[in-house]
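To start, the structure under review is shown below, and the notes come after it.
FYI, it's all coordinate maths here, none of it is from the lab. From a predicted model like this one, the values you see are computed outputs, not experimental measurements. Reconstructed Cβ throughout: ideal geometry from the backbone, glycine too, with neighbour counts over all protein chains shown.
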Amino acid sequence: MRCPFCAHDDSQVKDSRPTEDGAAIRRRRHCVSCGARFTTFERVQLREILVIKSDGARQLFDRSKIEHSVTLACRKRGVERDRIDQLVSGIQRQVETRGESEVSSLAIGEMVMEGLRQLDSVAYIRFASVYRDFSEARDFEQFASTVREIGKE
């Protein structure tokens, strides 16, 4: 594994542990050249999936994009990192086990929305405001009223 600090091609694994309910391996590494320590994660990838964007463009599925969006939505909400990782891993599993080599960004967005709805209502509204492109306060009010109704069920 290449060192992110000095770009040397050799590093040693000092510690390996399972994370995210065994869905990944966390490895602590040490660079033999500069001595820096860094962490890597190893995850199973069942197949390469292409994401079809709304403009028709295609790009490789990137777990980190979902992770970044969910983390932003959950910022300052007290949602534990493990729960975010579990949500992202669950979405990745859903995408990979669909049996299709392509999935629309809209389908992924809906998976994220459903996961956030169950995780944290404020994070759900934050994500929806960007995903559904709210342009006025009235959009927030209408959407928030549906969230309250879900909570009453």
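Some values worked out for this structure:
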| read-out | value |
| --- | --- |
| Cysteines without a disulfide-compatible partner [the chain; Cβ-Cβ under 4.7 Å] | Cys74 |
| All Cα pairs of segment 17-153, percent lying beyond 25 Å | 38 |
| Charge sum, other residues only, whose C-beta stays under 9 Å from Met1's C-beta, Lys/Arg counted +1 and Asp/Glu -1 | +1 |
| Cut-off under 5 Å, modelled amide H: who pairs with His8 long-range | Cys3 |
| From phi via Karplus (6.51, -1.76, 1.60), per-residue ³J(HN,Hα) for segment 91-102 in Hz, x at Gly/Pro | 5, 4, 4, 4, 5, 6, 8, 5, x, 10, 8, 9 |
| Size descriptor, Kirkwood hydrodynamic radius, that averages inverse alpha-carbon separations across segment 1-44, Å | 10.7 |
| Between 0 and 90°, nearest 10: helix 105-119 axis offset from the chain longest Cα axis | 80 |
